[in-house]
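The values are calculated or read from the model by the stated rules, or taken from the named source; none is laboratory data. These numbers come from a predicted model, not from an experiment. Backbone-built Cβ (ideal geometry, glycine too); neighbour counts: all protein chains shown.
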Amino acid sequence: MEKDPDNIAALEKAISKKYGKKTVENPKSSWNEDKEQEYLEQLKIIESRLDELSEKLEKIEVNGVFVSKKLFNKERISRTCPACQTYSFSKQDDLYMVKYKCCFKCYIKNIEGRKHDY
C-alpha cells in the first residue's frame with residue numbers, strides 16, 4: 001500500500017471527527033519536564049513493586065527441589081524435644097517447644113504443677 005498524503009490527511013480528519021482532535025495529535029506536543037519527572041517517578045515505583053514481588057516468588061533449592069523462599073522462617077523451631085529426644089509434627093508440641101523448651105508429654109510429666117517463671 002502506497003502512502004498517499006491526501007489519503008492520510010483524510011483518515012486523520014475522519015478519526016478526529018469521530019473520536020476528537022486529541023486522538024490525532026502528536027504525543028510530544030503536550031510533553032514537558034513535569035510530565036517527564038512524573039513518568040520517571042512512576043517507573044521507579046513500578047520497579048520497586050516488581051522487585052518486592054520477585055523477592056516473594058524467589059525459589060531456593062532444597063535437596064534438588066525448588067521451594068518458595070517465603071516458606072522458610074529466619075528462626076526455626078527445633079522439632080526434637082531435648083528431654084525425650086522425640087521428633088514431632090504436632091502444632092501443640094510447637095507451642096510447648098517455644099514456651100517451655102519441651103514437648104507436650106514432657107511438659108505434663110515434668111513441668112506442669114511446678115511454680116517456675118518461664
Might you let me know whether the range 4-22 holds any residue that is in a helix (DSSP H, G or I) and among the polar types (S, T, N, Q)? yes
Quick one: which residue in S78, S54 is surrounded by 10 or more Cβ atoms within 10 Å (Cβ to Cβ), at pLDDT below 90, on the phi < 0 side of the Ramachandran plot and under 30 Å from the mean Cα position of the chain (by Cα)? S78
Failed item in (1) surrounded by 10 or more Cβ atoms within 10 Å (Cβ to Cβ); (2) at positive phi, with Y19 passing the rest: (2)
Of all residues in the range 58-71 being surrounded by fewer than 10 Cβ atoms within 10 Å (Cβ to Cβ) and hydrophobic (A, V, I, L, M, F, W, C), which is modelled with the lowest pLDDT? L71
